[in-house]
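Engineer: Right, I'll just put the structure down here and ask away after.
The values are calculated or read from the model by the stated rules, or taken from the named source; none is laboratory data. Bear in mind the structure is a predicted one, so any value in this text is a computation, not a measurement. All Cβ positions, even for glycine, are placed from backbone atoms using ideal geometry, and neighbour counts span all protein chains on display. Note: accessible area is taken over every heavy atom of the protein model, side chains too, but ligands, DNA and RNA are not part of it. Shrake-Rupley method; radii C 1.70, N 1.55, O 1.52, S 1.80 Å.
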Amino acid sequence: MTEKEELRDVFRLSPDWLSVQEVLEAVSSPTCGAVSLFIGTTREDLVDGRKVIGLEYEAYEPMVQSEFRKLCDDIRARWPSVKHVCVYHRLGWVGVGQASVIMAISSPHRLDGQQAIQHAVTQLKATIPIWKKEVYDTQDSSWKQNVE
Amino acid sequence: MTEKEELRDVFRLSPDWLSVQEVLEAVSSPTCGAVSLFIGTTREDLVDGRKVIGLEYEAYEPMVQSEFRKLCDDIRARWPSVKHVCVYHRLGWVGVGQASVIMAISSPHRLDGQQAIQHAVTQLKATIPIWKKEVYDTQDSSWKQNVE
Amino acid sequence: FFYSEEVCVLYFAKSAELTGVKEEHVVAVPTPITSQDLWRFLLQRHPRYHDNVGQVVLAVHQQYVSIGDQLVTLGDGNEVVVAPLSGG
Amino acid sequence: FFYSEEVCVLYFAKSAELTGVKEEHVVAVPTPITSQDLWRFLLQRHPRYHDNVGQVVLAVHQQYVSIGDQLVTLGDGNEVVVAPLSGG
């Protein structure tokens with residue numbers, strides 16, 4: 001009914017507060033009946049009696065876009081109906097309660113998008129060169145391997 | 001670290017535009033590192049050559065809350081770590097591109113929440129007494145069985 | 001059995017379209033009654049209403065009742081819902 | 001083989017913490033070189049740096065290279081990334 005729509009794959013690194021609304025707009029499409037979204041936030045936690053007060057993120061920026069491109073290619077190969085993919089990711093300090101990552105995927109029908117986002121968040125954490133450090137109220141800190 | 005947090009289960013029927021921000025606020029929790037969200041929208045579609053211009057929703061309101069309560073009980077039995085659940089659902093006319101349903105689930109870790117929301121949206125469509133009619137540019141319309 | 005004084009029957013979605021009625025007040029419905037007999041009783045009121053039993057569900061006392069042998073008890077003023085099996 | 005003129009080595013996350021260095025410019029790195037030999041070459045520069053090989057990955061030319069027999073070719077000014085296997 002409409003001309004073929006360009007597929008959008010957007011990854012943005014940002015030192016500032018992330019806007020859910022912007023991520024939703026980036027994936028919106030009149031041909032999609034479903035948007036699946038994931039928000040990862042810094043949560044209150046106790047680690048060996050120390051209270052987590054925030055996370056510190058760093059990235060190897062030159063490789064972020066190329067790894068994201070591979071991730072999107074993988075997603076589209078598995079779920080060809082996936083329309084747009086958008087990820088906003090924080091860098092630097094992210095205090096408790098704040099979002100460090102927002103990912104959204106739009107698709108004509110919901111099941112494809114829901115399966116795709118589950119896989120995509122797992123792959124994001126495994127392959128995109130971004131690392132996080134937990135910072136505690138005791139002033140010390142610890143780099144995290146991907147366990148979540 | 002904090003006193004035990006009440007679990008929130010919120011279902012709101014609304015004739016007006018749905019706010020993603022309100023749904024996110026309803027499930028936000030400092031103990032949760034993950035929020036999974038689903039948005040269902042009216043999509044452009046062609047059905048037997050007729051163009052879908054919108055959906056018309058109706059509900060048997062007295063049963064919506066009790067069926068939603070059962071749905072949340074089921075979700076928590078399967079994924080005990082699920083924290084808050086919130087659904088906003090439109091009634092009446094929903095034009096192309098507009099959201100008819102927004103669901104969010106918060107959880108300490110992401111996998112539980114992502115699996116839970118996939119199941120919850122399926123159950124929502126199967127059990128909550130809400131029905132939808134596709135309205136076409138030809139003026140006619142058709143009630144939909146649950147196929148999506 | 002008894003007859004209930006007045007029951008409010010609500011038709012939704014395709015069921016309303018097929019009967020041409022959204023709400024009707026029906027007197028002297030036998031009670032208790034199986035959901036199948038209740039369904040037949042309602043069908044007789046709408047001769048032009050033909051629907052596939054497998055696609056319809058009743059709800060009484062805010063509980064779904066599939067059409068079969070299950071007994072339902074109707075009191076004065078109770079609501080009976082007739083609707084397609086699944087929503088949207 | 002040859003020696004590359006100058007390579008920029010970037011350490012991230014725990015790797016930076018363990019070496020105490022985030023970025024260093026290294027001259028006369030043999031090339032081509034297996035990723036394992038490159039890793040040993042870098043380890044020698046940081047005697048206090050002990051890390052579990054299974055938890056570290058290199059990246060050259062913006063491609064991950066696991067530590068093993070794979071040959072990498074380094075040109076003047078190339079970046080070598082040393083980082084924990086997985087992110088956040």
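Engineer: Sort D:29-36, A:133-140, B:32-39 for me by packing, meaning the mean count of neighbouring Cβ atoms within 10 Å per residue, highest on top.
Structural biologist: Top to bottom by mean Cβ count within 10 Å: B:32-39, D:29-36, A:133-140.
Engineer: Estimate for me the total accessible surface buried between chains A and D (protein heavy atoms, probe 1.4 Å, no ligands or nucleic acids), in Å² to the nearest 100.
Structural biologist: So the total buried area for this chain pair works out to about 1800 Å².
Engineer: To two decimal places, what compactness ratio does chain D give when its Cα radius of gyration is scaled by 2.2 N^0.38 Å?
Structural biologist: 0.98
Engineer: Name the lysines eligible as straight-distance cross-link partners of B:Lys51: C-alpha to C-alpha under 26 Å, and not fewer than 8 places from it in the same chain.
Structural biologist: Cross-link targets: A:Lys4, A:Lys83, B:Lys125, B:Lys132, B:Lys133, B:Lys144, C:Lys14.
Engineer: Now for a separate question. Working only with C-alpha atoms, what are the Rg and Dmax values of region A:1-147, expressed in angstrom?
Structural biologist: My reading of the Cα-based Rg and Dmax gives 16.4, 60 Å.
Engineer: Return the calculated 222 nm mean residue ellipticity for chain A, to the nearest 500 deg cm²/dmol, obtained by summing -39500 (n - 2.57) across DSSP H runs with n ≥ 4 and dividing by the residue count.
Structural biologist: Calculated at 222 nm, the ellipticity per residue is -9500 deg cm²/dmol.
Engineer: Next up: Point me to the residue of chain B whose C-beta lies closest to the B-onto-A rotation axis, rounding the distance to whole angstrom.
Structural biologist: Axis relating chain B to chain A; nearest Cβ residue and distance: B:Leu37, 2.
Engineer: What are the residues whose amide H is under 5 Å from the amide H of A:Phe11, where those residues sit 5 or more places off or on another chain and H is modelled from the backbone?
Structural biologist: A:Val87
Engineer: Could you pull the copy-to-copy label distances for A:Pro80, with points set 7 Å along Cα to Cβ, in nm to one decimal and sorted shortest first?
Structural biologist: Counterpart label points of A:Pro80 in the remaining copies fall at 4.4 nm.
Engineer: Please give the average number of partner chain Cβ atoms lying within 10 Å of the Cβ of each residue in B:119-125, rounded to a whole number.
Structural biologist: 2
Engineer: Taking the label point 7 Å from Cα in the Cβ direction, how far apart in nm is D:Tyr64 from each other copy of itself, listed shortest first?
Structural biologist: 4.4
Engineer: Taking a probe of 1.4 Å and counting only protein heavy atoms, give the total accessible area buried between chains A and B in Å², rounded to the nearest 100.
Structural biologist: The A and B chains share an interface burying roughly 3100 Å².
Engineer: Still on this model: Nm distances between the label at D:Pro47 and the same-position labels in the remaining copies, 7 Å along Cα→Cβ, shortest first?
Structural biologist: 10.5
Engineer: Follow-up. At a probe radius of 1.4 Å, what is the per-residue accessible area of D:His61, in Å² to the nearest 10?
Structural biologist: Estimated to the nearest 10 Å², D:His61 gives 100 Å².
Engineer: How much accessible area per residue does the protein assembly as shown have, counting only protein heavy atoms and a probe of 1.4 Å, in square angstrom?
Structural biologist: 46 Å²
Engineer: When you take every Cα atom in region B:39-107, what is the radius of gyration, and what is Dmax, the widest Cα pair distance, in Å?
Structural biologist: Both quantities, over Cα of region B:39-107: 15.4, 47 Å.
Engineer: While we're here: May I ask you to give the average projected area over all directions of the convex hull of the Cα atoms of the protein assembly as shown, in nm² rounded to one decimal?
Structural biologist: Value for the protein assembly as shown: 28.1 nm².
Engineer: Could you give the spread of the C-alpha atoms of region B:100-148 along their three principal axes, from largest to smallest, in whole angstroms?
Structural biologist: So the extents along the principal axes, rounded to whole Å, are 48, 19, 15.
Engineer: Keeping the other protein chains in place, figure out the carbon and sulfur percent of the accessible area of region B:66-142, with a 1.4 Å probe.
Structural biologist: The C+S portion of the solvent-accessible surface of region B:66-142 is 51 percent.
Engineer: Among the residues of region D:1-43, which ones have their accessible area go down by 30 Å² or more when all the protein chains sit together, as opposed to their chain alone (1.4 Å probe)?
Structural biologist: Checking the loss per residue gives D:Phe12, D:Ala13, D:Lys14, D:Glu17.
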